[in-house]
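Working notes, beginning with the structure itself.
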Amino acid sequence: MADLLVIVPSRGRPESVPRMVRAWLDTGAYEHARLVYAIDADDPQHGAYFTQALPTLGHALVEFVTVNPWRPMVHKLNEAALFAATDEPGYFALGFAGDDHLPRSAGWAARYLEALRELGTGIVYGDDGLQGARLPTQWAMTADIVRALGRMVPAPVEHLYCDNAVQDLGLAAGCLRYLPDVLIEHMHPLAGKAELDAGYRRVNARAQYARDRAAYGVWRSGQRATDAATVRALREGVTVR
């Protein structure tokens, strides 16, 4: 069994599957990690994810979890991560990547696992070619954090500010590590590497920013301290009741 499971929430972008799998093959990720897409049952392109994968790639290289009913990206990610963290025999680490993140560095999955084992309990992220060290737009964390918090993204956001919340948690708990030698390229419109499609427009709408900024702010000023204490206790081997 692989030690790292990377969850890719996706909607309306089945064409991302062969690109993602090719990037994983090119970087040797399958030696250490497993790739699963979390997709929506009501996605008009739901079936296309499977047809994109099957002809040349097969299910051995990518698996799909269908979420029903639809939930926002972070809720979908949290649900999939918690299931993976509590299922037996379990994974040592869980990762998040968008369907617009493509690993470029050979051995990146092994490097993530190496750093996480050094931390014992912690969070790592690489250079995305856009934010760099400033923000973990993709990351991996030890599964014990997900089990202890009951979620991967600590703030109750829907899509935006999830990376800020993960960064805040790791910094407050003293267990965040940036790996500048690992490139997980963010093929985002802000970087001029993708078109501004309907999906990007939906999740970057003003209303979405307002909801997520408010939810993130409430968490940061309140629950963050408790969540960080929980993670620090894991690092110190203390049982939290």
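Structure notes:
- Of all the criteria given as (1) crowded, with 20+ Cβ neighbours inside 10 Å; (2) touching a strand residue (DSSP E or B) at 6+ places or on another chain (Cβ under 8 Å); (3) aliphatic (A, V, I, L, M); (4) within 25 Å of Arg13 (Cα to Cα), the one not satisfied by Val157 is (2).
- Taken together, Arg111, Arg34 contain a single residue that is under 30 Å from Asp181 (Cβ atoms), in a strand (DSSP E or B) and open to solvent by 20 Å² or more (accessible area, probe 1.4 Å), which is Arg34.
- Some residue of region 102-112 being of a type in the set (D, E, K, R) and at pLDDT 95 or above: yes
- Candidates in region 80-96 are the residues that are farther than 11 Å from Leu4 by Cβ and in contact (Cβ under 8 Å) with a residue 40 or more places away in the chain; of these, the one that is surrounded by the fewest Cβ atoms within 10 Å (Cβ to Cβ) is Pro89.
- Residues in region 133-169 that are in a helix (DSSP H, G or I) and more than 22 Å from Leu183 (Cα to Cα): Ala143, Asp144, Ile145, Val146, Arg147, Ala148, Leu149, Leu169.
- Residue in region 135-144 that is of a type in the set (Phe, Trp, Tyr), surrounded by 22 or more Cβ atoms within 10 Å (Cβ to Cβ) and in contact (Cβ under 8 Å) with a residue 60 or more places away in the chain present: no
- Selection of region 5-24 for residues being part of a helix (DSSP H, G or I) and open to solvent by less than 70 Å² (accessible area, probe 1.4 Å) yields Ser16, Val17, Pro18, Met20, Val21, Ala23, Trp24.
The values are calculated or read from the model by the stated rules, or taken from the named source; none is laboratory data. Quantities reported herein were computed from a predicted structural model and do not represent experimental measurements. Heads up, the Cβs are rebuilt from the backbone with ideal geometry, glycines too, and the neighbour counts pull from every protein chain shown. Keep in mind that these areas ignore ligands, DNA and RNA; they rest on the heavy atoms of the full protein, side chains included. Shrake-Rupley method; radii C 1.70, N 1.55, O 1.52, S 1.80 Å.
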